[in-house]
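Student: If you scroll down you'll find the structure; I have some questions about it.
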Amino acid sequence: MYVLGIGCYYHDSSAALIKDGVLVAAAEEERFTRRKHDVSLPVNAVKYCLKEAGISIDQVNYVAFYEKPFLKFERLLSQHIEMFPRSFPTFFQAMPSWINEKLRVPREIRKKLKYKGDIIFIQHHMVHAASSYLVSPFDEAAVLTIDGVGEWTTTSYGVAKGNDITLLKHIEFPHSIGLLYSTITAYLGFSVNNSEYKVMGLAPYGNMDRKTNKFYHKLKEVIDLKEDGSFHLDMSYFVFHYKTTMPSKKLCNLLEGPVNERDGPINKRYSDIAAAVQLVTEDAMTVMLNYLHKQTKMKNLVIAGGVALNSVYNGKILRNTPFKKVWIQPNASDGGASLGAAFYLYNTILGKKRVYEMKDAYTGPAYSDAEIKKYLDDNKIKYQKFKSDDELCKTTAKLIREKNVIGWMQGRMEWGPRALGARSILSDATNPKMKEILNLKVKHREKFRPFAPVVCEDDALKYFDCDSPIPDPTDFMLMVYPVRPEWRKKIPAVTHVDGSGRLQSVRRTQNPRYYDLIKEFGKLSGIPILINTSFNIRGEPIVCTPHDAYRCMMGTGIDYLVMGSYLVRRKDNPKDMWDSEELAKD
Amino acid sequence: MLCSKGPLFRGIFLKLMFKLGRWLGFFLGSLIFASMLFFIMSRASRIDMNLVNYMVFYSIALFVSFIYAAFKIVRARLEGGVWNEIKAGFHDFGKYITNIVNFFLLLIVYFIGVGLSSVINKLNKKKSLDLTSRSSKSYWKDYNLKKEKKSNYYRQF
């Protein structure tokens with residue numbers, strides 16, 4: 001039986017296909033259309049999933065959609081009725097897409113995908129819960145879903161046992177931790193639903209002391225947090241419920257200044273505000289999770305929703321709460337909802353046995369050596385072929401040690417926002433100048449943003465103060481842990497200003513070539529840690545195809561591209577007629 | 001090919017063709033639309049359906065359209081074939097007209113539908129959205145969302 005999950009029309013549309021309860025393929029539409037956070041019906045992602053399974057759309061038994069569109073529309077209308085007449089500009093802006101697409105989901109699916117079978121609609125937060133729990137290693141777990149907003153729900157908790165999930169309580173729009181975080185993201189001049197992670201990266205530059213950060217105390221006025229973790233926002237500080245902007249004038253007055261211009265300069269005040277919102281979020285999460293444990297008495301925890309991508313807090317969960325194990329799906333935000341919809345339909349609605357556990361995030365397209373060779377030959381690109389995996393790893397490790405920046409494209413593309421060694425840019429973490437070099441050559445990103453380390457799972461505890469045993473979400477770069485003090489100066493390129501690192505741990509079973517490369521690098525440098533950053537330029541989605549990878553290398557300062565068993569040197573090939581720096585944007 | 005741009009004269013010719021294609025698409029779209037609109041207007045009012053009236057009507061429509069199209073063409077990315085550009089021209093015109101029609105329709109819907117509901121709600125002191133930061137003991141609301149009958153999942157609400 002084939003079930004196709006679809007999520008779209010908000011942000012990060014995606015598709016996931018399962019066969020008899022096992023995930024066959026999952027990918028986000030942006031990787032194919034090259035439009036970051038693409039919201040459209042994921043026609044290309046669906047095509048890819050079907051191709052991977054070797055079936056046509058007629059062979060799909062069910063399509064599961066990631067929300068109930070009419071419930072969401074009801075919430076939208078309620079906003080406009082409540083905020084009449086101030087909401088007209090947003091009404092005018094939003095309605096055409098609702099009338100043309102969002103209220104006609106079945107028609108759109110049937111027309112654009114040529115699908116004739118059953119279409120199932122599942123509530124947004126249930127899909128989030130399913131996306132994490134049903135592919136986790138747990139047979140029972142406490143569940144927390146927390147994001148900007150679904151239909152009405154912004155936060156919910158519940159319990160999951162066997163195939164069933166029950167969401168017991170929830171908090172409704174407009175009261176949302178996700179939207180509070182997004183409001184501060186907008187206030188700091190970053191783009192909403194995109195750059196929240198920048199606020200997380202900026203926070204350690206600010207004052208992280210709860211006692212002395214005045215903005216922390218000010219932001220606590222904005223949110224009324226109860227002992228049971230429930231909360232309400234003081235809506236006089238926000239305008240997102242009737243405008244396209246988010247902070248109100250009152251919030252600007254509270255934070256002692258106007259909204260920062262788009263990608264404007266960041267000063268100490270802005271850093272302190274970023275720290276304040278991170279602290280407030282952490283407070284709320286800690287109280288909520290402790291209450292959840294009190295209610296459920298369970299040892300295992302699964303989290304989902306956009307806020308579950310807050311890796312800084314994720315690394316503190318097991319230390320701040322009585323939970324013993326935590327699991328987070330690599331694509332925890334709306335991008336991963338298609339996967340949750342497919343599994344909820346198969347395991348819960350149809351009651352079929354759970355047979356799948358997500359052990360890696362490599363669910364996207366792969367390109368064989370033959371396909372890569374054809375691409376290189378067709379485009380007259382100069383390359384050399386490695387004779388063996390051993391040669392590939394040794395040569396690449398040597399190149400990295402010689403201060404080169406490597407584009408690394410191997411196997412199936414990752415699922416989720418993080419590059420995890422399938423579409424990564426790799427370089428030397430021990431080189432103090434590597435952060436500058438990467439920013440200059442490739443990423444063109446803000447100076448305050450850290451680069452992430454990747455380390456083999458068996459070495460992680462030596463260099464990082466991780467929970468032990470290392471939680472599985474660390475494999476998906478979802479946990480930030482302190483770098484052990486004695487190593488901080490030795491891996492400066494991946495040690496953030498507060499001494500932390502958002503590490504990815506790798507097991508050999510997940511990605512042997514990647515694992516062996518890190519070990520080879522360790523033999524040369526004495527420290528088996530690499531910088532792993534996403535293979536893209538700022539403002540573009542992560543690369544997908546050999547063409548995307550080659551184009552990215554030729555428009556940037558990436559020195560070598562290791563693609564399958566082939567090595568392409570940038571200097572051996574004519575430089576492309578485009579400049580990544582010019583295009584770098586959010 | 002990834003790196004080649006082709007000979008200069010070929011590039012200029014293609015650029016010209018693409019531009020012409022987009023203009024042509026836009027022109028055809030506006031011609032069809034203006035003809036239909038003129039026909040409807042002449043039936044609904046007492047405007048004579050003669051060529052002079054039509055030319056005046058169409059000239060105004062075309063003038064506005066050309067300004068819009070010129071703006072779009074400057075911004076247009078010269079990708080795809082000439083036929084794509086013709087289609088894009090049609091599409092631009094469609095969007096242009098849709099936006100205008102939408103504005104008036106949505107204005108009516110908003111002020112009559114949403115506005116009236118809002119007034120009735122306010123008279124009944126009913127809230128559509130909980131904007132209060134009331135100080136109750138807990139803000140958690142009962143949800144109890146669990147597995148339902150399969151037929152419920154076919155609904156979009």
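The values are calculated or read from the model by the stated rules, or taken from the named source; none is laboratory data. Remember, it's a predicted structure, so these values are computed and weren't measured experimentally. Cβ placement follows ideal geometry from the backbone for every residue including glycine, while neighbour counts extend to all protein chains displayed.
Student: Being free of Cβ contacts under 8 Å to residues at least 12 places away in the same chain and more than 25 Å from the chain's Cα centre (by Cα) is true for just one of A:Val239, A:Val259, A:Val222. Which residue is that?
Tutor: Working: A:Val259 fails: free of Cβ contacts under 8 Å to residues at least 12 places away in the same chain; A:Val222 fails: free of Cβ contacts under 8 Å to residues at least 12 places away in the same chain.
So the residue among A:Val239, A:Val259, A:Val222 that is free of Cβ contacts under 8 Å to residues at least 12 places away in the same chain and more than 25 Å from the chain's Cα centre (by Cα) is A:Val239.
Student: Return the pair list, or none, for Cβ contacts closer than 6 Å from residues in region A:137-151 that are closer than 22 Å to A:Thr286 by Cα and touching a residue at least 40 places away in the same chain (Cβ under 8 Å) to residues that are surrounded by fewer than 24 Cβ atoms within 10 Å (Cβ to Cβ) and polar (S, T, N, Q), at least 6 apart or on different chains.
Tutor: The qualifying pairs are A:Phe138/A:Asn300; A:Ala141/A:Asn300; A:Ala142/A:Thr296.
Student: Just need a number here: residues in region A:534-567 that are assigned to a strand (DSSP E or B) and under 21 Å from A:Ser195 (Cβ atoms). Steps first, please.
Tutor: The initial filter retains those residues of region A:534-567 that are assigned to a strand (DSSP E or B), namely A:534, A:560-563, A:566-567.
Checking the rest, the ones that are also under 21 Å from A:Ser195 (Cβ atoms) come to A:534.
Final tally of qualifying residues: 1.
The rows are residues; the columns are (1) touching a helix residue (DSSP H, G or I) at 6+ places or on another chain (Cβ under 6 Å); (2) closer than 21 Å to A:His80 by Cα.
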residue: A:Gly206; (1), (2): yes, no
residue: A:Phe215; (1), (2): yes, no
residue: A:Lys218; (1), (2): yes, no
residue: A:Glu221; (1), (2): no, no
residue: A:Glu227; (1), (2): no, no
residue: A:His241; (1), (2): yes, yes
residue: A:Met246; (1), (2): yes, yes
residue: A:Val259; (1), (2): yes, no
residue: A:Ser271; (1), (2): yes, no
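Student: Name the strands (runs of 3 or more DSSP E) wholly within region A:116-214 that hold at least 3 residues that are hydroxyl-bearing (Ser, Thr, Tyr)?
Tutor: Numbers: elements: A:118-121, A:140-146, A:153-161, A:164-172.
Strands (runs of 3 or more DSSP E) meeting the threshold: A:153-161.
Student: Just checking, which of A:Thr474, A:Thr495 is buried (at least 19 other Cβ atoms within 10 Å of the Cβ), closer than 22 Å to A:Val307 by Cα and of a type in the set (Val, Ile, Thr)? Can you show your working first?
Tutor: Values: A:Thr495 fails: closer than 22 Å to A:Val307 by Cα.
Exactly one of A:Thr474, A:Thr495 is buried (at least 19 other Cβ atoms within 10 Å of the Cβ), closer than 22 Å to A:Val307 by Cα and of a type in the set (Val, Ile, Thr), namely A:Thr474.
Student: Then there's this: I'd like the residue in region A:131-174 that is hydrophobic (A, V, I, L, M, F, W, C) and in contact with a Ser or Thr (Cβ under 7 Å, 6 or more places away or on another chain) and, out of all such residues, is nearest to the other protein chains (Cβ to nearest Cβ).
Tutor: First pass over region A:131-174, keeping only residues hydrophobic (A, V, I, L, M, F, W, C): A:134-135, A:138, A:141-144, A:146, A:149, A:152, A:159-160, A:165, A:167-168, A:171, A:173.
From what's left, in contact with a Ser or Thr (Cβ under 7 Å, 6 or more places away or on another chain): A:142, A:146, A:149, A:159, A:165, A:167, A:171, A:173.
Numbers: A:Ala142: 15, A:Ile146: 13, A:Val149: 12, A:Val159: 10, A:Ile165: 7, A:Leu167: 4, A:Ile171: 6, A:Phe173: 7 Å.
Filtering region A:131-174 for residues that are hydrophobic (A, V, I, L, M, F, W, C) and in contact with a Ser or Thr (Cβ under 7 Å, 6 or more places away or on another chain), the one nearest to the other protein chains (Cβ to nearest Cβ) comes out as A:Leu167.
Student: Something else now. For A:Tyr515, all conditions in the list (1) over 17 Å from A:Gly421 (Cβ atoms); (2) modelled with pLDDT of 95 or more; (3) under 23 Å from the mean Cα position of the chain (by Cα) hold save one; what is the number of the exception?
Tutor: Exception for A:Tyr515: condition (1).
Student: From the list A:Pro96, A:Pro89, which residue is within 9 Å of chain B (Cβ to nearest Cβ), at pLDDT below 95 and surrounded by fewer than 21 Cβ atoms within 10 Å (Cβ to Cβ)?
Tutor: Working: A:Pro89 fails: within 9 Å of chain B (Cβ to nearest Cβ).
Selected residue: A:Pro96, the only one of A:Pro96, A:Pro89 that is within 9 Å of chain B (Cβ to nearest Cβ), at pLDDT below 95 and surrounded by fewer than 21 Cβ atoms within 10 Å (Cβ to Cβ).
Student: Starting from region A:463-492, keep only residues that are of a type in the set (A, V, I, L, M), then list their pairs with residues that are surrounded by fewer than 16 Cβ atoms within 10 Å (Cβ to Cβ) whose Cβ atoms are within a distance under 6 Å, requiring at least 6 positions of separation or different chains.
Tutor: Note: pairs meeting the criteria are A:Val483/A:Gly499.
Let's see how each residue does on (1) small (Gly, Ala, Ser); (2) within 19 Å of the chain's Cα centre (by Cα):
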| position | (1), (2) |
| --- | --- |
| A:Ala25 | yes, yes |
| A:Lys36 | no, yes |
| A:Val43 | no, no |
| A:Ile55 | no, no |
| A:Tyr62 | no, no |
| A:Tyr66 | no, yes |
| A:His80 | no, no |
| A:Phe84 | no, no |
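Student: Here's a follow-up. Which of the residues that make up region A:45-96 are under 20 Å from B:Lys127 (Cα atoms), outside any loop (DSSP other than H, G, I, E, B), free of Cβ contacts under 8 Å to residues at least 12 places away in the same chain and in contact with a helix residue (DSSP H, G or I) (Cβ under 8 Å, 6 or more places away or on another chain)?
Tutor: A:Leu77, A:Ile81, A:Phe88, A:Phe91
Student: Kindly provide the set of residues from region A:443-482 that are charged (D, E, K, R), at pLDDT 95 or above and either in contact with a helix residue (DSSP H, G or I) (Cβ under 9 Å, 6 or more places away or on another chain) or over 27 Å from A:Asn536 (Cβ atoms) (or both), ordered by number.
Tutor: The answer is A:Glu457, A:Asp458, A:Asp459, A:Lys462, A:Asp465, A:Asp467, A:Asp475.
Student: Now for a separate question. Pairs, please: C-beta under 6 Å, at least 6 apart or cross-chain, first residue surrounded by 21 or more Cβ atoms within 10 Å (Cβ to Cβ) and in region A:338-360, second assigned to a helix (DSSP H, G or I) and among the small types (Gly, Ala, Ser)?
Tutor: Final answer for the pair search is A:Leu339/A:Ser131; A:Gly340/A:Ala130; A:Gly340/A:Ser131; A:Phe343/A:Ala130; A:Tyr344/A:Ala130.
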